[in-house]
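Right, one structure below, let's go through it.
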Ligand SMILES: [Fe+2]
């Protein structure tokens, strides 16, 4: 399993928008916390609280990101917004499963992958549209 040290920020993750990059760094920290919870075999309460916090942050992040996409008139914004909605639905599914599944492969790893995929898609989304990092 990837450990917390594999979740360090890399230049290739950058979108060119400072606030989004800072938020994506927070997402990487959530991934590291998922990894720690998995390694520590965290109990239901710990895992559930972590998923709640991560979901709340992702809702905030998606709102911020979608507002910027609108302001910058990003061409594929609708596709990315749809992906964000699906991600939140998947989060809800994962959270419901906390009650009946172990907090291992069936919960933490899919959530971790979902967050990582989002960060990795970030620079593709904004790319050349975000050359001015004074935005946001
Ligand atoms: Fe994002």
Discussion item. Being more than 15 Å from the ligand (Cβ to nearest atom), assigned to a helix (DSSP H, G or I), within 23 Å of residue 125 (Cβ to Cβ) and at pLDDT 80 or above is the requirement here; does residue 89 meet it?
Written reply: yes
Practice prompt. Hey, can you tell me all the residues within the range 8-42 that are without any contact (Cβ under 8 Å) to a residue 40 or more places away in the chain and in a loop (DSSP other than H, G, I, E, B)?
Written response: 8, 9, 10, 40
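If I filter the range 76-85 for residues that are surrounded by fewer than 15 Cβ atoms within 10 Å (Cβ to Cβ) and not in a helix (DSSP H, G or I), do I get at least one hit?
First pass over the range 76-85, keeping only residues surrounded by fewer than 15 Cβ atoms within 10 Å (Cβ to Cβ): 76, 78-79, 82, 85.
Filter once more, so that each one left must be not in a helix (DSSP H, G or I): 76.
Yes.
So is residue 53 more than 14 Å from the ligand (Cβ to nearest atom), farther than 22 Å from residue 126 by Cα and either modelled with pLDDT under 90 or in a loop (DSSP other than H, G, I, E, B) (or both) or not?
Working: more than 14 Å from the ligand (Cβ to nearest atom): yes; farther than 22 Å from residue 126 by Cα: yes; either modelled with pLDDT under 90 or in a loop (DSSP other than H, G, I, E, B) (or both): no.
No.
The values are calculated or read from the model by the stated rules, or taken from the named source; none is laboratory data. The model shown is predicted, which means the values in this text are computed figures rather than measured ones. Neighbour counts are summed over all protein chains in view; Cβ atoms, including those assigned to glycine, are modelled from backbone coordinates with ideal geometry.
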